[in-house]
1. Can you pull the percent of chain B's accessible area that's carbon plus sulfur, 1.4 Å probe, other chains left in place?
2. Can you put B:C105, A:C36 in order of accessible area, largest first, using a 1.4 Å probe?
3. Mean Kyte-Doolittle of at least 0.0 plus a Cα span of 24 Å or more along the axis: flag which DSSP H helices in chain B meet both, please.
4. Once a ≥ b ≥ c are taken as the square roots of the eigenvalues of the Cα gyration tensor of the range B:1-118, is the result rounded (a/c under 1.5), prolate (a/b larger than b/c) or oblate (a/b not larger than b/c)?
5. Give the average, rounded to an integer, of partner chain Cβ atoms located within 10 angstrom of each Cβ in A:321-329.
6. Answer rounded, prolate or oblate for the range A:256-358, using the Cα gyration tensor with square roots of eigenvalues a ≥ b ≥ c: rounded when a/c is under 1.5, else prolate when a/b is larger than b/c, else oblate.
7. Roughly how many debye, to the nearest 20, is the charge dipole of chain B about its Cα centre, given +1 on each Lys and Arg Cβ, -1 on each Asp and Glu Cβ, and no other charges?
8. Per the Cauchy relation, a quarter of the hull surface: what is the mean projected area of the convex hull of the alpha carbons in chain B, in nm²?
Amino acid sequence: MKDSERRGTHTEKAIPVRKKNLQLLNILPFAVFLACYAFAPRVVNDAQLTTIIYIGIYALLAVGLNLLMGYAGQVSLGHAAFFGVGAYTSGILTAKPIANEVIPGVSAGVGVISAVAALLLLTKPSGWKLAVGISLLVALGWLHNLPNLIPVLCAACAVAVMGIFGLMAKLQWMRTCLSGVVLTLVANLSKWFLKGTLERGSASPWTGLLVGVFLTAVISYLIGSQVLRLKGHYLAMATLAFGIIVEIVFRQWTSVTGGSSDGIFNIPSIQFFSYIPGFLRRLYEAAAGGSVDLRTQYYYLVWAFVFIAIVLAVNIVRSRVGRAFRAVHSSEQAAASLGVDTARYKVQVFVLSACMASVAGTLHAHNAGIGYIHPSEFGFIVSVELVVMVVLGGMASVWGSLFGAAAIQTLKDRLLDLEKTNPEFWGLKLQGLDPIVFGAVLIVVMIVLPQGLVRGFSDGVALLWRSARRSGRQQGVN
Amino acid sequence: MSDVLVETRSVTRKFGGLVAVDQVDFQVRRGQTKALIGPNGAGKTTLLNLLSGLLPASSGDILIRGRSVVRCAAHEIAGLGLARTFQNVQLFENMTVKENVMVGCHPWSRQGIASGALRWIGHWREEKLIEEEAERQLDFVGLSDLADFPAHSLPFGKQRMLEIARALASRPQVLLLDEPASGLSTRETSELASLLRQISARGITILLVDHDMQFVMDISDEVVVLDQGKKIAEGTPDEVQSNPRVIAAYLGVEAK
């Protein structure tokens, strides 16, 4: 949407965007959200709960995409690809048995990755430091996989080695020790993960989540750093192409992804309530009158992620980096002339939004009672749907994305119900209506409500209120 | 030489066959207010774009605070203490007036995305500084009571002021102004002149491009005249005004 178009919808008298001392108004949506979050499963039936879970997954996607499109102004028509990467990584890791021979390699890999991460976090990286760190951590990854190596010994080793290394690199000893401790923790954590994996025969969904996010971050960084140099339509085309390529990979790489005939099935779900403190669970079960079924648990898990995503998004938007994102949207030249590294921030928001999509993908894959993914769920049409959700909810409106996702998902369900009845309209069989209807919705929204549902609605209410007040005042005068 | 803030050494910029800036040498010293003038198409704006890194130079060298910046990206140059405004005002229209100025605080603030997302202590501390700086600059240009309005709702003259406030928020050493007086009424222009004097009194070096001769001669210490990409004169306003080559360039007479 062009700014000029947006300006056209403004009332003649400009109104201040946000008044001071209205902290309550900022917290209110979150309070309402949490209230609905807690009580929704008590008032809806099973089918509605399924829809609500899907709305949550798509809301997560839409919030992420809105950061990229609505705030930073970078179009992505391939966002479903990252959704798919998250889903497939998680699905493959958890649904397929993992060969024992792979474990040491994976463990060394995790070691190396955590080492690099710790080094980058704790020291100023330079080429040779990084090289030493990596080789060190390959060794560490191998070491901690040896049986009967007690964690304390491991920690001592790590701290000692990091200490020597730190002396060589003339680092502060505090930082060095800290990085040693961090490394030990990460190493033991990964050991714990892998132990669970060995016992179960496949990875836990949480491992799937983390690996999926990591993989997505790497892919989106590589793609984003190249593609985001493009602008407008060219960027849209490039992301579109990327999305299509990824979908083809999902369809064709049969040995890994199951291809388009099988997909991946029997993906285990996540028993969310086994991860929350016992007294909370008992409290809830007492209130609900009995044990909570898997789907309700999954609902709570998905919407917990949605809540976290919204909090993070709202915080980011109202921060230094968020302002830089929005500045890039308006004028890259002006932003750059004020010291905003436009390329870096564009890649940053791209990776962030891709990672959110990846989390949504994992949640989609483990969906309770379904546990099935298929390439068609991550195709071009889905990317377009996501864009429609963002635009319908309102560009640059975090809460709007939630409503956009809800509206589109509900509409999709209705269309599906309609198609089940095999309707005919003047001999035209109404099948596969989604793209047509979504296209129509997009056009209508762009023309009638260019600000999206939420902003358009609130603007309308404000307008009505002001005109009502004005007419009231005139009556008072008369 | 240490008091030279901006220096160009035979800097050239070509657009295809057109030489927009042709081997221009000039210096801006600390605390000076310098103006670049010249007839339309003389390459003034191009030169400003070269200085601020929005355009790469075809050849030659640009030094800011003694450091060569021809290979630097715009944001790196901004980090060296150079801020600018644009000929066609480039505000962040989707943001409020205050947020615009807060973006200006970018070069000296440090908090990253994680700090903003998780609201670490550093975020609050820095956000307070940024907000204070923004309010100070808005107060300085007289826009404090419009702080929470969307930037695009301001009248044009105020948008100009906002752009200056935004540039000042980056705590620049050099301020580049691209035609700050164009499109302003006489009253607004004189207000702008007094504002620029105050900025200069704060110790900020100003390099500006403008067409309004009276305005330029009024506020600048030195003037550089460009014609068809070449520097044809440099000196105090009086010297330049009596220079025959300058008169010729402006009146379209062939110089002897």
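The values are calculated or read from the model by the stated rules, or taken from the named source; none is laboratory data. Everything numeric here is computed off the predicted structure, so don't read it as measured data. Don't worry about glycine lacking a Cβ; one is built from the backbone with ideal geometry, like all the others, and counts go over all protein chains shown. These area figures cover heavy atoms from the full protein model, side chains too; ligands, DNA and RNA do not enter into them. Shrake-Rupley method; radii C 1.70, N 1.55, O 1.52, S 1.80 Å.
1. So the carbon and sulfur contribution to the accessible surface is 49 percent.
2. Putting B:C105, A:C36 in descending order of accessible area: A:C36, B:C105.
3. On the way: long enough: B:121-141 (31 Å, -0.95).
For chain B, where a helix must reach 24 Å along its axis and average at least 0.0, there are no hits.
4. Values: a/c = 1.98, a/b = 1.62, b/c = 1.22.
It is prolate, given that a/c is not under 1.5 and a/b is the larger ratio.
5. That works out to 6 on average.
6. Numbers: a/c = 4.72, a/b = 1.79, b/c = 2.64.
Here the range A:256-358 falls in the oblate category.
7. In debye, rounded to 20, chain B gives about 700.
8. Working: hull surface 59.8 nm².
For chain B, averaging the hull's shadow over all directions gives 15.0 nm².
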